[in-house]
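What follows is a set of notes on a single structure, which appears directly below.
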Amino acid sequence: MSDETSLSKSEVEAALTQMSPADWKRIKIKARTYSKALTYLTADDIIQEALINLLSGDRVWPRSARSVIVVINAMHSEASNCREREQSGAIDHRVDISVLSQQYDEDAGTLVMPINEVTPERIVESRGDIEAIERLVENDEELQDVVLVWSLGIRGKDAAIELGWEMNKYEAARKRLTRLLESL
């Protein structure tokens, strides 16, 4: 991209400082989602890496893009890169290593048992479900936020607190989402 279509470092800093608390809450929720399957990066790490890349100019910030979307896309990229490094690295973090016996036995050594429950069929099925839910809530930002906290396993009063909402607002959004999900 040329300099005319992307923000400068000072403009990136200004855009970050002008983001609302609701935008930052949404970013934090999305970062937790992205960090769930990662071994080495926490949600805060993903946010920090994305901001460093945006401020350093390693990632461009398109002029016409919404700030929250730019940061979320940068986090997604960072999490994806980390996941790729973990998968193609020398250590498989999804393998359980257990000792064969309680007493140390040099001849027995260790037994390596893979515990990967993800199958291609489950991946395809999950992607289809996720896409259907995203289509259902694409025009309602409140429902998108509820879907995000639910994807983190947060429900009820904790979800309302996480979103910074009154319980009545959360319950109304929850009921709307439940009705939409029943239509699936």
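Considering only the range 10-60, state which residues are within 15 Å of the chain's Cα centre (by Cα) and among the hydroxyl-bearing types (S, T, Y). Result: T33, Y34, S35, T39, Y40, T42.
Helices (runs of 4 or more DSSP H) fully within the range 1-56 that include at least 3 residues being open to solvent by 50 Å² or more (accessible area, probe 1.4 Å) and touching a residue at least 60 places away in the same chain (Cβ under 8 Å): 21-35.
Residue-wise test of (1) at pLDDT 75 or above; (2) of a type in the set (V, I, T).
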site	(1), (2)
V71	yes, yes
R83	yes, no
A90	no, no
N116	no, no
P120	no, no
E138	yes, no
W150	yes, no
G153	yes, no
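For the range 118-184, the helices (runs of 4 or more DSSP H) that sit wholly inside it and include 3 or more residues that are under 18 Å from the mean Cα position of the chain (by Cα) and closer than 25 Å to V68 by Cα are 120-137, 141-151, 156-163.
The values are calculated or read from the model by the stated rules, or taken from the named source; none is laboratory data. All figures in this text were calculated on a predicted structure; none of them were measured in a lab. Every residue, glycine among them, receives a Cβ derived from its backbone with ideal geometry; neighbour counts consider all protein chains shown. Just so you know, the surface numbers come from the protein's heavy atoms only, side chains and all, with ligands and any DNA or RNA stripped out. Shrake-Rupley method; radii C 1.70, N 1.55, O 1.52, S 1.80 Å.
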